[in-house]
Amino acid sequence: MSTPAPQPSPEPFGARLRRAMDVRGPLCVGIDPHASLLAAWGLEDDVAGLERFTRTVVDALAGEVAVLKPQSAFFERFGSRGVAVLERAIADARSAGALVLTDAKRGDIGSTMAAYAAAYLDPGSPLFSDAVTVSPYLGFGSLRPALDAARAAGAGVFVLALTSNPEGAEVQRATAAGGRPVAQTVLDHIARENAGAGPLGSVGAVVGATLGRAGVDLAVNGPLLAPGLGAQGATAEDLPEVFGDAVRNVVPSISRGVLGHGPSVAALRESAAREAERLRQVLA
Ligand SMILES: O=c1ccn([C@@H]2O[C@H](COP(=O)(O)O)[C@@H](O)[C@H]2O)c(=O)[nH]1
């Protein structure tokens, strides 16, 4: 029996993301098919409307922006047929050259986390994504199956640290054992996961663009997903204050602020291009 040929290691997500940010700029656009957006686009709040909306966003932006971030909740609300739309969107966006970060915010005990990892981070899964969001609030160690699966697949995970919503602070700013804020302990774990990685680690943190000065050490050697631009009130001009020296690793994210310009493909592209240009000027 012949020995199977060794497989080349997949290129790590952090390296792929850094290249995409260099080439396309750092903007991430979220695919959040709110019922109100479907209505504004003249679509029914049903699977056909969901599919048309999603396809339009992918066609408009997958060749333009570094990252597309489908929000799983808006697909799950239509059951299995909604999830099928998400699966196609992930595959189509990846084929068109965007990195896909599925925003699913999964978190559970380790043995269940392994199943979530199989869903999003196993290259054989229909939901396989370049990266997925996860919640560390069952303990950072519970994320181990996702961290390991991501590394094996050349994928990434983005761990919630300081979220963009005002309610997050009561948990994330609370003092952990050891006297540091809970969010800082999460960031410390992320920094350890990324130690030695170059040009950028594959374990990211989610830190809202809405926070004002973050007040934590963001030197995690990984990408910092910054949701909150647009509908939640943050602007590109806020980013240097929130992120300080870490701003070059920021992946600013906007959903409704771009999606509201649809259904015209040209208008969606123009809106994303305006956001990207504003970011380029502020982050230069
Ligand atoms: O801290 C977080 C983490 C994730 N999100 C998600 O990002 C988008 C934001 O949508 P907008 O329309 O740009 O407000 C949405 O999917 C959230 O679930 C976040 O907002 N904050």
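The values are calculated or read from the model by the stated rules, or taken from the named source; none is laboratory data. None of the values given here were measured: they were computed from a predicted structure. Quick reminder, even Gly has a Cβ in these numbers, built from the backbone with ideal geometry, and neighbours come from all protein chains shown. Each accessible area value is taken on the protein alone, full model and side chains, heavy atoms only, with ligands, DNA and RNA left out. Shrake-Rupley method; radii C 1.70, N 1.55, O 1.52, S 1.80 Å.
Structural remarks
- For the pair Leu138 and Asp46, label points projected 7 Å from Cα toward Cβ lie 3.7 nm apart.
- In the context of the full set of protein chains, region 241-284 has a per residue accessible area of 51 Å² (1.4 Å probe).
- Annotation: amide H of Gly30 within the under-5 Å range of Lys69, Ile254, Ser255, sequence separation 5 or more or interchain, hydrogens built in the peptide plane.
- For the residues Pro136, Pro252, Pro70, a GNM of the chain with alpha-carbon springs under 10 Å puts the largest fluctuation on Pro136.
- Every Cα-Cα pair in region 13-283 was counted, and those over 30 Å apart are 23% of them.
- In a reduced charge model with +1 at each Lys and Arg Cβ and -1 at each Asp and Glu Cβ, region 13-283 shows a dipole moment near 420 debye about its Cα centre.
- Mean sequence separation of contacting Cα pairs (under 8 Å, at least six apart), scaled by the length of region 13-283, corresponds to a relative contact order of 19 percent.
- Set against the 2.2 N^0.38 Å expectation for a compact globular protein, region 27-95 has a Cα radius of gyration ratio of 1.01.
- Convex hull projection area averaged over all views, region 171-284, Cα basis, nm²: 7.9 nm²
- Remark: spin-label model distance Ala197-Ala219 equals 1.8 nm, labels positioned 7 Å along the Cα→Cβ axis.
- Contact order normalised by residue count of region 116-251, Cα under 8 Å, 6+ apart, percent: 18 percent
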